[in-house]
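Accompanying notes for the structure given below.
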Amino acid sequence: SPELFPDRRVGFPAVHPGWADTPGVESSLPRFHTLVGPLLRSPDQGADTLVWLAADDTTPLESSGRFWLDRRPRPIHRLPTTRRTDTPAERQRLWDWCVERSALEGATLAP
C-alpha cells in the first residue's frame, strides 16, 4: 500500500496473466490443458501486462492497488460470492497474516 511508503514512489499493482500455456498449467491441470490448449496464451503473452507495468514510470504509480489484465484495470470481483467475502475484516485478517510472516511488524493497514 502506498500509505506504508509515503516517501517513495512505489506502486502496488496486481496482475492476472490470463491462462497461459506453461509447464505448471500442463502438469497441474492436464485435462484442462488438453481441452483448451490451442486457446491458451503463450508465456510471453501472459507476461505482457506485468512487463508493461514494470517498464512504465507513471501508470503503476497513479493506479496503485488496481487489478490488471491485458494492460487494462479490471474489477476484482467476478462473482457475487467473492464480493460478499471480501470484507474489511477479511482484508485485515490477510494483512495480519502477511505482517506476521514478513519484516513489516508494526505496519498498519490503511482503511
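The values are calculated or read from the model by the stated rules, or taken from the named source; none is laboratory data. The model shown is predicted, which means the values in this text are computed figures rather than measured ones. Ideal geometry is used to build each Cβ from the backbone, glycine not excepted, and the neighbour counts take in all protein chains shown. Each accessible area value is taken on the protein alone, full model and side chains, heavy atoms only, with ligands, DNA and RNA left out. Shrake-Rupley method; radii C 1.70, N 1.55, O 1.52, S 1.80 Å.
The test for being loosely packed, with under 14 Cβ neighbours inside 10 Å, out of contact with any strand residue (DSSP E or B) (no Cβ under 6 Å at 6 or more places or on another chain) and modelled with pLDDT under 90 holds for residue 6. Find all pairs meeting these conditions: Cβ atoms under 6 angstrom apart; at least six residues apart or on different chains; first residue within segment 16-45 and over 24 Å from residue 68 (Cβ atoms); second residue open to solvent by 40 Å² or more (accessible area, probe 1.4 Å). As it stands, the answer is 33/26, since those pairs meet every condition given.
Just need a number here: residues in segment 74-106 that are of a type in the set (A, V, I, L, M, F, W, C) and not in a helix (DSSP H, G or I).
Total meeting the criteria: 4.
Summed over segment 30-63, residues that are touching a Ser or Thr at 6+ places or on another chain (Cβ under 8 Å) and of a type in the set (Ser, Thr, Tyr) total 0.
Could you look through segment 48-69, keep only residues that are charged (D, E, K, R), surrounded by 14 or more Cβ atoms within 10 Å (Cβ to Cβ) and part of a loop (DSSP other than H, G, I, E, B), and pick out the one that is farthest from the chain's Cα centre (by Cα)?
56
Please specify each residue of segment 15-47 satisfying the condition of being part of a loop (DSSP other than H, G, I, E, B) and of a type in the set (A, V, I, L, M, F, W, C).
Passing the criteria: 19, 29, 40.
With the structure loaded, tell me whether residue 26 is of a type outside the set (Lys, Arg), at pLDDT below 85 and open to solvent by 60 Å² or more (accessible area, probe 1.4 Å) or whether it fails that test. No, not satisfied.
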